[in-house]
């Protein structure tokens, strides 16, 4: 697999984002990781042109921003649908991470939420990056066998670059991630995860960073449209990233 270009993100824009990111020196939430929810959206609140359609929304500047965000988190989590459709590398191509003298220290732990066992590791960028020494092994969260949670064993690291852990209800999952050393996690999608978090678990989110691209995707697009008790936000900042606009905010508790 060809090595993709390094990305650069200017220091003055980093300073604007850092108040919405976990401080490596803490403090962190006591029982769960710091949670940053981030995604790119069209003007009509769509994150893809349709189910299963890979859609690029971020421009070069906001793309570099995303890779900077990845260096600021211990883990990066996506759902199996996103992992299958987009085949993401789930690493950082920021120059800081690639040139880091301590190897993979600035690379996030890839985490795939795969409750139904849909994702397979064959021919995936995320596993290839691990095998080539440019990414960490993939953590896969799967539902344990029915009525067998007590006997479900975590397999640990495997030579093929992925490891299995049990998927649990969202808050318990976060507690488990914190227990195994993930002090901060960046959740990138897809729509099912984003809508569920915003509808049911916004109180567990520490910050949101949303990129708005100047396009419409139309009625067939996949929407971010939560229901239930809808979250509100405060400490809002709007950042211009070339043609894109980025909203940083904190959910009201």
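Return a yes/no flag: does segment 18-26 have any residue that is surrounded by fewer than 14 Cβ atoms within 10 Å (Cβ to Cβ), in a helix (DSSP H, G or I) and out of contact with any strand residue (DSSP E or B) (no Cβ under 9 Å at 6 or more places or on another chain). Yes, segment 18-26 has at least one match. Here residue 217 meets the list (1) under 18 Å from residue 82 (Cβ atoms); (2) modelled with pLDDT of 95 or more; (3) not in a loop (DSSP other than H, G, I, E, B) almost entirely, failing just condition (3). Residues in segment 205-231 that are out of contact with any helix residue (DSSP H, G or I) (no Cβ under 9 Å at 6 or more places or on another chain) and surrounded by fewer than 15 Cβ atoms within 10 Å (Cβ to Cβ): 214, 216, 218, 219, 220. Examine segment 98-112 for a residue that is closer than 21 Å to residue 35 by Cβ, under 13 Å from the mean Cα position of the chain (by Cα), at pLDDT below 95 and in a loop (DSSP other than H, G, I, E, B), and state whether such a residue exists. No - not one qualifying residue is present in segment 98-112. None of 71, 66 is in contact with a helix residue (DSSP H, G or I) (Cβ under 9 Å, 6 or more places away or on another chain), on the phi < 0 side of the Ramachandran plot and surrounded by 12 or more Cβ atoms within 10 Å (Cβ to Cβ) except 71.
Restricting segment 166-175 to residues that are closer than 19 Å to residue 200 by Cα and out of contact with any strand residue (DSSP E or B) (no Cβ under 6 Å at 6 or more places or on another chain), the residue that is surrounded by the most Cβ atoms within 10 Å (Cβ to Cβ) is 174. Summed over segment 1-17, residues that are in a loop (DSSP other than H, G, I, E, B) and buried (at least 17 other Cβ atoms within 10 Å of the Cβ) total 1.
The values are calculated or read from the model by the stated rules, or taken from the named source; none is laboratory data. In this text, all values refer to a predicted model and were calculated from it rather than measured experimentally. A quick note on method: Cβ atoms are made from the backbone with ideal geometry, for glycine too, and the neighbour counts reach across all protein chains shown.
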